[in-house]
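Here's the structure we're looking at; comments come further down.
The values are calculated or read from the model by the stated rules, or taken from the named source; none is laboratory data. Every value quoted in this text rests on a predicted model; they were computed, and no experiment measured them. Because the Cβ atoms are built from the backbone with ideal geometry, glycine has one as well, and the counts that use them run over all protein chains shown. In case anyone asks, the SASA skips ligands and DNA or RNA and just uses the protein heavy atoms, side chains included. Shrake-Rupley method; radii C 1.70, N 1.55, O 1.52, S 1.80 Å.
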Amino acid sequence: MTPNIPHPPRLRFRSSTAAAALGLAAALALPAAAAAPAAAAEDNAPALKLALTGDIDTLNPFISILATTSNVLRLQYEPLVAYGAEANEEIPGMAESWETSEDGTVWTFTLPEGTKWSDGEPITAEDAEWTYNAILDNDDLKQANGSLLSSVESVEAEDETTLVITLSEAQAVNPGTELPIVPEHVWADLEDPAGYGNDKDTVGSGPFVVDSYDKAAGVTMSANPNYWRGAAKISGVTWVPYKNSDAAVQALRTGEIDIVSGLTPAQFQALENEPNITTNAGTGRRYQAIGINPGAQTADGTPMGDGNPALQDLAVRQAVAMAIDSDTLLAKVLQGLGDKATGEIPMTYPLYHWDTDELPLAYNPDAANKLLDEAGYEMGADGIRLDKEGKPLSLRLMGRNSDPTHQQMADYVKPWLREIGIDTSVEMKAAAQVNDDSTVGNYDLYFTGWGIGPDPDYQLSINQCSSRPNADGTGATSENNYCDPAFDELFKAQHAELDQEKRSELVMQAQDMIYNAAVNKVLYYANSLEAYRSDRWEPFVTQPAEGGVITSQNGPWSYYEATPVGELSDAGAVADSNSNTGLVIGVAGAVLVAGLVAFLLIRRRSATADDRE
């Protein structure tokens, strides 16, 4: 066995001194198994209040895919391996260390002794074994994370602190990342774990746990006194529901809440000079797009949904993509608060971002008209083309009524499509309805977006044929019901490629393939526009540390480290998410950490809520 504690993205730094720095620095930051957790926050400690403007689909971590819910659940459940706040680097989560076999197919995770769930029950490897096997054995539990386990052959707890994951083949991504581990003693006895609401008196391993949720009152979370890094400084986190972002902004101004995210550019600019309020435009880890229905099908290939059959023609989809001016949407709707897009992986992840100027489906209405002419879609006397059955070519564009930018973008898109002879009707719906309709293929075009994690494997995986859902929307999750066996082969190749340079190239080829299939017109990478009450709270931890986000992090760091004004430690800074409470790092370790940070900053772009996660 070759020790790899903790494991950086597979073989990325295999022969570098940075690899040694990462391994040793993170090894110094392992959970102290024998250390008792810090006392819970005092009774008078404040709770952090956040605006809830998006929908909660479910608090069941096996089937939840909406971004708002994912942000809640990240505070409650840890994966075996977490992503740190400094640079989305791999750090200990529920496991304190891990190692791989020489051939990369056997991963052994070691959990510390003495850690506890929020109800005081011990956390053991059996909890992780049950979680992984529940997904492998039950199709109803695959919706959120099933695709993460495509190479997993078996999962076994050898004892209370040792978990062994055996893969059918070596894979690039660490199989301990992303997947939230649930307590076996809560979930194993449920008759229908997929139908469990998990919305009151819950049990978790993260810094906060859900006390209650309902649509009218929002989500109330309390600090977990057993969290292995030590209890948070605050008593909990409350997600307060508001009908729209305008109401949430007003609540921030009056002090009813502490943080608002998902701001429109106009709201963000209006808050920039407000007293007692600090704004943050963090580097986006999301893409904004228009999904184009290619002819939705179920997992077994049966047609489903009511998408316009004309969109099954690649020429029509590509013409639609070429009719949309992404640069104008970025400048006019987003006020430039974002970055131009190519593929699905944003610039914040430079190893996998498709950095190209060769975009054949960029805005070009003349080329779009020519393409439709050549494909046989004749222009009618009224300026609307006829489909192959002689009917006017008319498409529906769906968006969320909770996001003002969707209607603003629709006001541009509708006349652009008219320029190429396509009539468009626009309908704004509740976020949950958009999710339901898009899942089962009841749309032609719709505004969509996904939050991307540090490793692209999951995002690519949901474009496989095997990721198509059942007819009722259950089962696997598909990005836009895309299915191409050639893409499946490309996905498998990048999934198993251990050479970082070769894998990066394969990931970019995969984005190129999705792009040219014209099932997902990526518009831009929006900055995360957020604001908080700086008269109440010290500056929040961002992820990444330079130019990063406060909300929608790949982890709980901003909320866990939330510090009321005047309560900073003597050191004058919040704790590093890589460190454990009470852990002392020696001078040699500090030097290695500094070298690692410098290395990562060189690799990262120095500058700088949609519906899916």
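Worth pointing out:
- Label point distance in nm, L386-V426, each placed 7 Å from Cα along Cα→Cβ: 3.0 nm
- When each of the peptides 203-212, 381-390 is scored by how many other beta carbons lie within 10 Å of its residues on average, the order from highest to lowest is 203-212, 381-390.
- Shape call, the range 44-85: gyration tensor on alpha carbons, a/c limit 1.5: oblate
- With 30 Å as the limit, the listed pairs K414/K492; K429/K521; K492/K521; K370/K429; K391/K521; K370/K414 have K414/K492; K370/K429 beyond it between alpha carbons.
- A simple count of charges around D211, restricted to other residues whose Cβ falls under 14 Å of its Cβ and scoring Lys, Arg +1 and Asp, Glu -1, yields -3.
- Within the set (i) 23.9, 79; (ii) 25.6, 79; (iii) 30.7, 96, the number that Rg and Dmax of the Cα atoms in Å takes when calculated for this structure is listed as (i).
- Cα gyration tensor, the range 402-443 - rounded (a/c under 1.5), prolate or oblate: oblate
- According to the Cα-based calculation, Rg over Rh for the range 152-247 is 1.06, with Rh computed by the Kirkwood formula.
- Note on the range 391-505: with neighbouring protein chains present and a 1.4 Å probe, carbon and sulfur make up 49 percent of its accessible heavy-atom surface.
- Links that overshoot a 18 Å alpha carbon limit, given the list K49/K233; K243/K332; K200/K243: K243/K332; K200/K243
- Charge tally for E113 (other residues, Cβ to Cβ under 12 Å; Lys, Arg +1; Asp, Glu -1): -2.
- When the square roots of the Cα gyration tensor eigenvalues are ordered a ≥ b ≥ c, the ratio a/c for the range 370-441 is 1.5 or more and a/b exceeds b/c, which makes its shape prolate.
- In this calculation the C-beta distance from E378 to E419 is compared with R0 = 22 Å, giving a FRET efficiency of 0.85.
- Counted by Cβ distance under 15 Å from N470, the other residues give a net charge of -3, where Lys and Arg count +1 and Asp and Glu count -1.
- Accessible-area composition of the range 101-259, carbon plus sulfur, in percent [1.4 Å probe]: 42 percent
- From the Kirkwood radius over Cα pairs of the range 52-144, Stokes-Einstein at 20 °C and 1.002 mPa s returns a whole-number translational diffusion coefficient of 141 µm²/s.
- Accessible area (Å², per residue) of the chain, counting only protein heavy atoms and a probe of 1.4 Å: 38 Å²
- At most 10 other Cβ within 10 Å, DSSP loop - trypsin sites (Lys or Arg not before Pro), the range 197-265: K215, K243
- Mean residue ellipticity (222 nm) of the chain, computed from DSSP H runs ≥ 4 via -39,500 (n - 2.57), nearest 500: -7500 deg cm²/dmol
- Against the criterion of solvent-accessible heavy-atom surface with a 1.4 angstrom probe, V72, V240 sort, most first, into V240, V72.
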